[in-house]
Each structure stands twice: as C-alpha cells, then as structure tokens.
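The values are calculated or read from the model by the stated rules, or taken from the named source; none is laboratory data. These numbers were taken from a predicted model, which means no experiment stands behind them. Because the Cβ atoms are built from the backbone with ideal geometry, glycine has one as well, and the counts that use them run over all protein chains shown. Keep in mind that these areas ignore ligands, DNA and RNA; they rest on the heavy atoms of the full protein, side chains included. Shrake-Rupley method; radii C 1.70, N 1.55, O 1.52, S 1.80 Å.
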Amino acid sequence: MTMTTQSLTNTHQTNNYNRVKMHLCVAALLVVPFLIGDIRDSFFFLRSNSSGDDVHINIKPQDLDLELGDIDTDVAEEIPQGENEDTSAAMNAATGQVFQDKQIRIFGGKRLADYENEHKDEDYNANLNATMILGMNITDKQIGSLCHAKKWGVVTTIFDPTDAILRLLSLDWCLVIVPDLKTPKDYMAKLQSLVENNSSTSKQYAATADLDRAFYLPVEEQELWAGHHGFFGSFVRSTPWNHFARKNLGYLFAILQKAEFIFDFDDDNYIKLGDDGFVLDILSDDPVNVSVAMLGTNAFNHHPMMGATVNGSWARGFPLDLLQNNATYGTVAFKEDIPLSQVGVIQFLADNNPDIDAIHRITKPLPMNFQSSSAVLVPKHSFAPYNAQATIHSKLAFWGLLLPGTVTGRVSDIWRSYFAQCIFADTELRLVFAPPKIHQFRNEHNNLGDLNAEQDLYNKAGELIAYLSSWTSSETRLAERFEHLYIGLYEHGYIELEDVTRAQFWLGVLIERGYQFPSFKGRHRNVAVMGQFNYANRESIVTDVIFWTQKTREFFSTVVAVGPFNDAQVNMLRRNFISVRASTADEGLYSPLSNLRNLLLEYKNSTTIEGILYIHDDAIMNVTRLAEDRYPFPTHQILSTIRYDSPRGQTSKKGCQQYRIFPDKHFASIDKSKIFQSFEEWNKWSNCEWGHSEKDYCSGGQLRMATDLSPSLDKLREPDGSILFTGYGQSDFMFVPTHLADIFEEAATPHLKHGVWIECAFPKVLDNVIQRTQTQHRMIPLCTSWDYGTIRGTKQMVKSCIDSPEPYGILHPFKISNGLDTYNRVCDSVQLQSNATLD
C-alpha cells in the first residue's frame, strides 16, 4: 500500500475500523480483567485455557521452555535441572506459566578473539573500504553520488515511498533505504514520482528534497555483499531476510560512510512541519536542555512525565507487571544542560498514533499526543524502552544499533534498547526522550498479529530488566563486554545462538574499520554502598534519599540507605524501590558503626558483594581515586580516612598520644613508661588538644570497655591485659571487605555496648581487625575546611578542594539540602576534578 499524504486519512480510518473489530473480539476476555489490574494474569487467560488449548482468538502459546532445539552440543550445553523442575517458568495453577530468568544453557562457541585471529592475516581486510564493501559501481547508481554529510537516516520498508522519506531528505541528512524481499521493485521510480508530484503542490519542503542524498540498496547488491570475505561477508550472510534486522545493513552502510549521527526511523513516522511550512530540524541543540528524571525503580515509564494525553499510558516494551506502580513514573528533580557528546540516544516521541503495544491499542483510545515541551534524561540505573521508529544515535553509541534477529520485529528494537542501556551504564552515554517532533500515521498492522508477535515483551521484559540490572562482566573493553552480554542473554534464553554469532561479526566489522568505542567507566557491582543519614526530620528527606541513591548508583549498582527513618518514611522509600534500613536516632554518634557491622553480616555470604563501602550522606567520593582507577572495585584492603599508616605508638593529630587502659582502671603510655591513675592525668601529660577525648562518650566509654571482664573483650586486649586505644579519626567513611565481617563484629560490638563515639571507636576497631588479620589498610585523603563561619560545606570549599594540588578521595561536608541540582553538579565536579560545572 502506498502511504502518500493523500492516503493518510484513509489509513487512519482503516486502523480505527480494525480497532473496533478487535474490541468486539476480545473485550470480554481482556478488557475487564485488564481494568481490574492484574494485567499479566489477564494476558495469560487470553492466551490459553487450563488445558493448554488455544482460546477463541487463536493466539498460539509460545514455548517458554526455551529448548536448545537444533543447536549443536559442542556449541551449547543444557544446564541440568531437578527431576520435576520446570526449566524456564514458575508454575501457578490459577494463571498458568510465568517466565523466570535463569541460566538454561552454556555457550560453547567461538569468541570474538578467535574470529579476529582467523582474519588477522587476510590481505582483503587491509584493502577493504566503504565503496568496495557496497559491491556497487557508483557510476551506475540510479541516483546521486556518495554523500558526505555527517548525519544519516536509515529506513527499511516493504511499502511504497511515503512523505516521511521526503521530509528527511529536505533536511541536510543523507539517507540509506534498505529493501527486503517484499519491497516494491520500482521503489526508487515511485520515490522520484513522489518528489515530482509534491514539488508541484504547496508543500514547500518537497522542492528541497534532494534525491542525490538517498541511497537505495537493491536486494541484488545485498546478495553480492554476502560473497565478501571477513567479518563483513559473514555478517551479511548471517542477517535474515524478511526480518526487521535487515536494517542492520543500513546502519553499517552509514557507519562506513563516516556518519556521526544516525536517525533510525520508520517510513510511517513523519517529521513535523514548522509554522513556515518547512520540516523541523531534529538535531540542533548542543548542549541539550533536559529535565532530570528521579526515581528508585530500575524501570522507567516515561509517558506520564512526557505528558501523554491518555491516562495510564506506557511505551511498547515496558513491563506489564509494573504498570500499576506509580513509582515507575518518576518525578522531575531539576533541569540542566548536558553536552550532546554525552547523549548516546535521543528518542523522539510521536503524536497521533505513537509506539505502544497491542494491549494498549486494544484497551485505550487513539489518537494520543504528548504535551511536554521538555526533553527527559533517564537515570543511569533505570531502563526505558526506546524504538527504531524515530531515534537518533550518536557515533559513540553506534555499536548499540545492532538489532537481534532471532526474536520478532516487534521485540527486536526493544530488546536492542535494553541491551544497549546495560552497557550505557558503564560509559558516559545517556538516554534522552525528546518532545514529539514526529507524527506517526501508522502503516497497516493487525493488532492481534502484533499481540502474538509481542509475547516476549509481555512475558519477559521485567525479568530481562532485572537480569540486566545485576549483570556483570570482568571485561573492560566495550567490544568484549558487549559480546559477553550477548552470550549471557543467549544462556538465559532471551536470544538464540545466531544472534551471538551475528553480534561477534558486527563487532568485528566495527573493529576492522577502526571504529572508536566509548571509554569504559565501569559501574562497580562487587561492593555495596551504605549511605548513613544521621537525621530524618526534614520535610525533603524521602526525596533527598531517592536522589542520593540515584546519584550513587551511577557508580555502584548496590546502594543501601540507612538512617533514623520512621515507618512511614521506610514504606515510602521501599515503594520507590529504595533499599533502606531503619536505625537508631542518635545523631550519628554510634549508629554508623552499628549499621556497618550489621550490613557486613548481612552480606558476608553473598556471592557477588565483596565489601561494604560506608559513607555519610554529606561526604562525596572521588570514585576513581577510591578504586585506584581499577575495575572491579579492589577489595583486598580496608580503606578509611583514619591515620593508620604509621606504626603503633606514633603521635596522632593534635598531639594526642595513644594510651593503654588496664582492667584496674589505670592508664599508661603505649610503652608503659608513664603510668596514670586517671584520664585527666594522662590528658595533662599528653597535651592533647582534641576536646572530645576527655568526654564520657570517648574516654569514659573506653574505660568501661577496659574494665569489662567479659570474654568478648579478650580479643581486643594486649598480652598484658590492657586495651590499647589508638587515638581518634574522622569516621564518615570506611570500606571493609565482607570476609572480615565476623572479626569486625567482634571488634565493634564492645564499643557499641559501652557507648564509644564513632570517632573514638572506629580507629580501635580498625586497629584490632588489622592486628588480627594482617589486612592492608589504605588511608584515603580527606579534603575539608574547619572554617565553620564562611567556608565549610560551601561551593567555595568544593572549589578549593578541586583546585588543591593534593589528591583526595573524600570531600566533606557538602549537604544534599543545598539543592539537588547543586549537589549533582558538585558530585560531577569531584569526579571530573574540574570546577567548570560549578560555574
């Protein structure tokens, strides 16, 4: 069917007619249960009855057992299961099968490095260039010559040309059109006629549509490409016909023509016209002004924030089991400008008939528009589905363009978006949803056919997001990391073996052609961050905790907020998917030590978390320096801001000497050359200028510990029966490996029992753990100011720290109550070691 401008109205009416028919067919089976709220249950009732037979609408159940099929056993092996254990789904007698993520097979095929070794000595790779790859004689092309623009559009189609093609060609973009076997053979002749016909109308933009910038890749030429050697020929041969993944060849064409931006679109998505009748520019702003979305969930439903005119709307690919959870809507934290260089993908929303799934189309009205005028920045920890219908990809994100070919076309681009975002979290690349510069006048679809083709989206999207959120790899090169991800996705049944091989060929082509992958930043997945909040009495505490968690999750995947939260606050945070623990309200005098102890014990048997990084909410980490620019986070040392690098017996800050306390209450210097009957005598001799040491919460608690003859204190005593207290130290930060949890507990608990303040307790706990285990300690430099009147806790202090020639790993204090946007910029400045974002 030819989708010209004149046919748009008729097509829209046809779609409306189809929707009416669908309502009549499925209303009784789907709509009522859907409105009740149990979307997943209603969907499975639609699919099959209790005997497993198909119901009236004839949607065949998908095989959720994910069998290996014809895959050779030397390439893949099944994971042994229990005798009665279902391999891929949890059984529920009331509703049927529910897909559960688990590893079901083992990849045993070649790795990318194996293929690279096979091709490294082949001469044709060195001589390969874009023109040769095309297999084309450029002078015999029907139109134009090679286009040298940096911006390329890519479209695949089985329909006649539409006005959407002309609108892109009226801009300064090149275009590659990828036909499939069903595409009209006279496509280019029809496109030429469409240009001529529209040029004679009042459509001003048609006169500027330049066909010399359009490249049509005939089926015959594509077949020639399959004869090429090396990664390119292998990739072409592995790409299926009559599948959406054929579009991958267009991406590769544009990349080889040195594109810097690729507009991935469908021919039923029309760029809007401005008031002057010309086509709107789709890539003009740098930096990009965005609303920063704030949420705790790992799934983001961007439709509400973008002002969808239909209530309860969601994008195709959003997990159905989260539709009723308002926490996935997020809120706007603030607005900011981000450099275009940090944007990996810009997804334009579409008005009229946007990208929604078949359940949405069946149950909710159209047309639907989006009223927001602001772009939205997706948090790094959260996943949102984007499509291949109106999406701009920047050069650093080209590796993520690959469409899987072993899933249906209705699933392929959504799976691609989730896969790419998993890797985005380990780079500086961000996902942005942009206001609708697009009208979609949808090509003919059968909604029941779409419903059947979208089975994986309905059944697996939530589990896929959970898997990607916890996925990890030791690979630090992006190409190998992407390959490793595809292998994991295959092993868990989200794609098939052919997609792994195709991804390897894709990466091989990019590497051969000198494509520069983005730098690896590495979000650490092997440690948990414990955020200590001393106070929970301010009105903004829930919002502050959510944003603090979100910001910290840019660097660490597991984050736990701990503080004196009341029941209502805990419930609110948990409804927003924040991992939270309530603790004692003691203004942070003792509870941080207790909380760290408890979290170490909680995670000590974890197979993934190897340490707990404790930090106060007003302390900001320089993560690169803490990790020594290593990935994953090094866990063989204890880290703290406490001065423990000197041998025992050294004088600590402010002249405070270390001292012993004996069970009979007398004090002694570390070498026992000086004996004192009271702390006051020792303090006078030591000339310690730190006023806290003489308080009951410091030396008083230590005295109670020393005179406590309980066996639990024996492990803290020296051979002479005394307890050696090693001074004091700033205690707003510490990292402890989880394998030290039990010893840490033994050292910490007596301090908590006898009320020893954390700055007097942490140094002794550290000393005891080191003495008993010989674990290495690395002191982390702290940058701060003691000018409480004008400097401490201000941006001026932050700037001074950044400008200081002395390296530091922790900046303290800077409170999130200074404003979320300011806190965000300070965190970024500390990581970049630049004041540029603060001005």
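Can you find a residue in region 773-783 that is assigned to a helix (DSSP H, G or I), among the hydrophobic types (A, V, I, L, M, F, W, C), modelled with pLDDT of 95 or more and buried (at least 20 other Cβ atoms within 10 Å of the Cβ)?
Taking every residue of region 773-783 in turn, none turns out to be assigned to a helix (DSSP H, G or I), among the hydrophobic types (A, V, I, L, M, F, W, C), modelled with pLDDT of 95 or more and buried (at least 20 other Cβ atoms within 10 Å of the Cβ).
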Review point. When the residues of region 788-807 are filtered to those that are assigned to a loop (DSSP other than H, G, I, E, B), at pLDDT 95 or above and of a type outside the set (Val, Ile, Thr), which remaining residue is nearest to Thr624 (Cα to Cα)?
Key: Gly793
Review point. Of all the residues that make up region 656-713, how many are under 20 Å from Tyr590 (Cβ atoms), among the basic types (Lys, Arg) and out of contact with any Lys or Arg (no Cβ under 9 Å at 6 or more places or on another chain)?
Key: 1
Study note, to complete from the structure: Considering residues that are out of contact with any strand residue (DSSP E or B) (no Cβ under 7 Å at 6 or more places or on another chain), under 21 Å from Phe263 (Cα atoms) and of a type outside the set (Ser, Thr, Tyr), the number found within region 273-308 is 5
Check your understanding: Does Asp337 fit the bill of being outside any loop (DSSP other than H, G, I, E, B), modelled with pLDDT of 95 or more and over 19 Å from the mean Cα position of the chain (by Cα)?
Key -> yes
Practice item. Would you please list the contacts, defined by Cβ atoms under 7 Å and residues six or more apart or on different chains, that run from a residue in region 375-387 that is at pLDDT 95 or above to a residue that is among the β-branched types (Val, Ile, Thr) and assigned to a loop (DSSP other than H, G, I, E, B)? Key: Ser382/Thr297; Ala384/Val378
Point to revise | Tabulated pairs, region 91-111, first modelled with pLDDT of 95 or more, second open to solvent by 40 Å² or more (accessible area, probe 1.4 Å) and in a strand (DSSP E or B), C-beta under 6 angstrom, 6+ apart or interchain | key: Arg105/Glu78; Ile106/Glu77
Practice item. Could you list, in sequence order, all residues of region 708-719 that are over 16 Å from Ala761 (Cα atoms) and in contact with a strand residue (DSSP E or B) (Cβ under 8 Å, 6 or more places away or on another chain)? Key: Glu718
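Yes or no: Glu539 part of a loop (DSSP other than H, G, I, E, B), on the phi > 0 side of the Ramachandran plot and open to solvent by 40 Å² or more (accessible area, probe 1.4 Å)? Let's see the steps before the verdict.
Values: part of a loop (DSSP other than H, G, I, E, B): yes; on the phi > 0 side of the Ramachandran plot: no; open to solvent by 40 Å² or more (accessible area, probe 1.4 Å): yes.
Spelling it out, it is not the case that Glu539 is part of a loop (DSSP other than H, G, I, E, B), on the phi > 0 side of the Ramachandran plot and open to solvent by 40 Å² or more (accessible area, probe 1.4 Å).
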Point to revise | Criterion: within 26 Å of Ala582 (Cβ to Cβ), in contact (Cβ under 8 Å) with a residue 12 or more places away in the chain and in contact with a Gly (Cβ under 7 Å, 6 or more places away or on another chain) - qualifying residue of Ala528, Ala536 | key: Ala536
Point to revise | Residues being within 17 Å of Glu496 (Cα to Cα) and hydroxyl-bearing (Ser, Thr, Tyr) - total across region 438-478 | key: 1
Check your understanding: Out of region 724-758, which residues are modelled with pLDDT under 95 and open to solvent by 10 Å² or more (accessible area, probe 1.4 Å)?
Key -> Thr726, Gly727, Tyr728, Gln730
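So which residues in region 562-587 are within 19 Å of Asn298 (Cβ to Cβ) and in a loop (DSSP other than H, G, I, E, B), if there are any at all?
If the condition is that a residue be within 19 Å of Asn298 (Cβ to Cβ) and in a loop (DSSP other than H, G, I, E, B), then Asn576, Phe577, Ile578, Ser579 are the ones that fit.
Quickly run through region 215-245 and pick out the residues that are open to solvent by 40 Å² or more (accessible area, probe 1.4 Å) and under 20 Å from Lys185 (Cβ atoms).
Hits for region 215-245 are Glu220, Glu221, Glu223, Leu224, Trp241, Asn242.
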Study note, to complete from the structure: Val500 meets each of (1) within 27 Å of Val559 (Cα to Cα); (2) in a helix (DSSP H, G or I) with one exception, condition (1)
Review point. What about Gly809, is it in contact (Cβ under 8 Å) with a residue 60 or more places away in the chain and among the small types (Gly, Ala, Ser)?
Key: yes
Practice item. State which residue pairs qualify: first residue of a type in the set (Val, Ile, Thr) and inside region 218-242, second residue at pLDDT below 95 in any location, beta carbons under 8 Å apart, and separation of 6 or more residues or different chains. Key: Val236/Gln222; Val236/Trp225; Val236/Ala226; Val236/His228
Practice item. For region 355-366, name all the residues that are touching a residue at least 60 places away in the same chain (Cβ under 8 Å) and farther than 25 Å from Leu340 by Cβ. Key: Asp357, Ala358, Ile359, Arg361, Ile362, Thr363, Leu366
Point to revise | Selection within region 502-534 - touching a Pro at 6+ places or on another chain (Cβ under 7 Å) and surrounded by fewer than 21 Cβ atoms within 10 Å (Cβ to Cβ) | key: Asn526
Point to revise | Asp172 being within 30 Å of Ile487 (Cβ to Cβ), assigned to a loop (DSSP other than H, G, I, E, B) and either open to solvent by less than 40 Å² (accessible area, probe 1.4 Å) or modelled with pLDDT of 85 or more (or both) | key: no
